[in-house]
Amino acid sequence: MDLLEYQGKQLLRSVGVPTPEGEAAATPEEARVAAERIGFPVAIKAQVQVGGRGKAGGIKVAANADEAEAHAAAILGMDIKGHVVRRLWVEEAADIAAEFYASFTIDRSAKRYLGMVSAEGGVEIEEVAARDPEAIAKVGVNPLVGLKDNAARALAFRGRIPAEHRKQVIAVLQKLYAAFVELDAELVEVNPLIANSRGEIVALDAKVTLDDNAEYRHKQVFEDFHEVFAVDPQEKLAKEKNLNYIKLQGEVGILGNGAGLVMSTLDVVAQAGGKAANFLDVGGGASADLIADSLEVVAGDPQVRSIFINIFGGITRGEEVAKGIVAALDRVEISQPIVVRLDGTNAEEGREILAGNPREGLHSSPTMLEAAAKAVELADAAG
Amino acid sequence: MAIYVDETTKVVVSGLTGREGQFHALRNRAYGTQVVAGVTPGKGGQDVEGIPVFDTIAEAVEVTGANTSMVFVPAPFAADACFEAADSGVELIVCITEGIPARDEAELYQYLRLRDIAMIGPNCPGVLSPGKANVGIMPTEIAAPGRVGLVSRSGTLTYQIVHELTQRGIGQSTCVGIGGDPFIGQFHIDVLRRFEADPETDMVVMVGEIGGDEEERAAEFIRDSMTKAVVGYVAGFEAPPGKKMGHAGAIISGSKGTAQAKAEALEAAGAKVGRNPTEVAEIVAGM
């Protein structure tokens, strides 16, 4: 789960990482009240799950209550790269003496964690990496060992943190690492991590991604911070129904079992000259209910002109899948033609069930490639 | 001989008394696999259709001589069961459970590296050596004994290719589903190494998907260290960057981990690469 800035900051603050005083607000009036309580100047910051909000005008500094309210009114409802601003974070404006970068993430290639620090904060770290890779310290951390003092020191020294800030930065790194581990985070990134004029180190931004698989260990956090942010209406519907769905740009709706097979299905549709409209993995043991829900989401996409159901019966037997499809079609009205490819265990029985329940627009193909070609042909005919 | 599992495999099942564990363990036994013990803390002394249940894996190993652990327990307890297995005396762990937190998997990965124990998974369909043993959830009906090895991250995609091979009269020595998570015990390269050394395997089908750099590493191994022919397949050409495609591992970040890059790396290493499962089976049939 990707957290918003203010959510990440609240979590970091709870483990002792200094963050500016702030409050969330959903209306200009709330922003005004929050600003008055915090004291001026304040920064009014759009809370969206996308980078580049500063450039888009989503961060403004207010010197008084009227300005705070006006900025809040301007930013709320703003569209930043397809994300509509529904919430603000009002915080004391920072007095910045220096800007650094710090993060901990999972390094899947090296099979351990990775700490990164740079004295060049406040800009996209990718830009720094492209311009001067030496300016970023990278230190691998073995999960069984943790972040030892020498590793934290190496990050600060190699990241070229100035001597006068080094000790405090190292202390903050230890806390960020503790947060990364205790929260089951996939990413904890602070950019910028600032030094203010009093020499204090403060996290001015926070990008935190939590591991969805660890939700059971952090029930309260997930409950407090869970929001459905999907921009696309089909993705939103799918999320509400707990489906593994991703919207794509083509015209052939896809429904299959198993992530690998579904990815392969997108590819064969492209090879047949079409484009998939979505990725949807119904997983193992798909019930009629699940197939009905899935068909509803796929068919509800106005771009979809044909639907390709690609199922390989493994443990899930072909006749059960076929029964599921038939039951699903009784429940949901589908206007687009459907091509079903059923293969694997008991596929013959499954195909017989489909043949015994004929309906207009329902086609059955014995192989994945034939089915893909048919689905593309039907989409073209409907286009 | 096959790899990982064969007639000599003796399986102890963590979670045998659970619904899934029982269903699949009994299927594995019906296929001819020696399923010798189950483990459920607090249920020691019971049995499941004649398979004795113990409180700890170590006890099961001591009494039954089990050499392979199969883990079926729910995600919050699965990594713990794998740690327990690692200290129990088994040589191989097959962890079927999906949804284990990455932190647990990272710790487990590093712990297993300190020992001489291989782990297949987590979040995998298991290992099937047709005609010899099945440890996991792969459907056996679609497989046939033979001399082609298969390694893949994905379940149903593996089944698809195994099925297409069998339909063309091509049997398999061992089918290994290594799992879709970023931290798994055995990667393509580990499995390729075993196939290269296996006298009963003549050729290998390697199935990859987007994300990470394991396929690229495997390609280097194929180029430098393999004498046996490899036929490759990579899924996910149409997958957009930055989206998680079902498997936690299947995500393209930046320009890295694309299907195109992986397929090119395999071809450059001398592997023939099929564009879809059918083409893969056709290439194998033609060799």
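Quick note: the coordinates plus some simple rules give every number you see, no bench work behind them. From a predicted model like this one, the values you see are computed outputs, not experimental measurements. Every residue, glycine as well, gets a Cβ built from its backbone with ideal geometry; the counts of neighbours run over all protein chains shown.
Assorted remarks:
- With Cα atoms as the point set, the radius of gyration and Dmax of region B:147-287 evaluate to 13.8, 41 Å.
- Share antiparallel - DSSP beta bridges, the protein assembly as shown, percent rounded to 5: 50 percent
- Percent breakdown of C-alpha pair distances by 5 Å bin, ordered from the shortest bin, for region B:185-245: 4, 16, 28, 22, 14, 8, 5, 2, 0
- Temperature 20 °C, viscosity 1.002 mPa s: under these conditions the Stokes-Einstein estimate for the protein assembly as shown, based on its Kirkwood radius over C-alpha pairs, is 80 µm² per second.
- Check: the protein assembly as shown dipole with +1 on Lys, Arg Cβ and -1 on Asp, Glu Cβ, in debye: 760 debye
- R0 of 25 Å, Cβ-Cβ distance A:GLU377-A:GLU348: FRET efficiency to nearest 0.05: 0.50
- Surrounding net charge for A:THR209, when Lys and Arg each add one and Asp and Glu each subtract one, Cβ distance under 9 Å: -3
- Part-to-part distance (alpha-carbon centres) for region B:36-54 and region A:226-302, which is given in Å: 41 Å
- Each of B:ASP116, A:ASP289 was scored by other Cβ atoms within 10 Å of its Cβ. Listed from fewest to most, they are B:ASP116, A:ASP289.
- Net dipole in debye of region B:10-120 [+1 Lys, Arg Cβ; -1 Asp, Glu Cβ; about Cα centre; nearest 20]: 300 debye
- Only aspartates and glutamates eight or more places from A:LYS247 in sequence, or on another chain, were considered; those with a Cα closer than 17 Å are A:ASP232, A:GLU235, A:ASP267, A:ASP281, A:ASP293, A:GLU296, A:ASP301, B:GLU238.
- Nearest 10 degrees, 0 to 90: helix A:318-331 Cα axis against chain A principal axis: 80 degrees
- Taking each DSSP H run with n ≥ 4 as -39500 (n - 2.57) and averaging over every residue of the protein assembly as shown yields -11000 deg cm²/dmol at 222 nm.
- Considering only region B:69-227, percent of DSSP beta bridges that pair antiparallel, nearest 5: 30 percent
- Rg over Rh [alpha-carbon atoms, Kirkwood Rh] for chain B: 0.97
- Choice from B:THR227, B:THR33, B:THR17 with maximal GNM fluctuation in chain B (Cα, 10 Å cutoff): B:THR227
- Nearest-ten-degree value, helix A:288-299 long axis tilted from longest Cα axis of chain A: 70 degrees
- With both residues required to sit in chain A, DSSP beta bridges show an antiparallel share near 75%.
- Nearest 10 degrees, 0 to 90: helix A:347-356 Cα axis against chain A principal axis: 70 degrees
- Ranking A:MET78, A:THR105, A:ALA46 by Cα position along the charge dipole of chain A, where only Lys, Arg, Asp and Glu carry charges on their C-beta atoms, puts A:THR105 farthest toward the positive end.
- Extension reserve of the A:ARG359-A:ALA65 stretch, reckoned as 0.36 nm per residue once the Cα distance is removed: 99.3 nm
- For region A:233-382, projected area of the alpha-carbon convex hull averaged over all directions, nm²: 7.3 nm²
- Choice from A:ARG86, A:ARG112, A:ARG359 with maximal GNM fluctuation in chain A (Cα, 10 Å cutoff): A:ARG359
- Scattering from region A:103-176 was approximated by placing one identical point on each alpha carbon and applying the Debye formula without solvent; log10 I(q)/I(0) at 0.25 1/Å stands at -1.21.
- Region B:136-249: relative contact order as a whole-number percent, Cα under 8 Å and 6+ apart: 27 percent
- P(r) of region A:96-225 over all Cα-Cα pairs, binned every 10 Å from zero, in whole percent: 13, 44, 32, 10, 0
- When both region A:148-179 and region B:89-106 are represented by their alpha-carbon centers, they are found 33 Å apart.
- Dipole axis of region B:10-120 (+1 Lys, Arg; -1 Asp, Glu on Cβ), positive-most option in B:ALA85, B:GLN22, B:PHE54: B:GLN22
- Ordering A:MET116, A:MET263 from the fewest to the most neighbouring beta carbons within 10 Å gives A:MET116, A:MET263.
- Taking N as its residue count, the alpha carbon Rg of chain A over 2.2 N^0.38 Å: 1.22
- The mean sequence distance of close C-alpha pairs (under 8 Å, at least 6 residues apart), as a share of the length of region A:340-383, puts its relative contact order at 47 percent.
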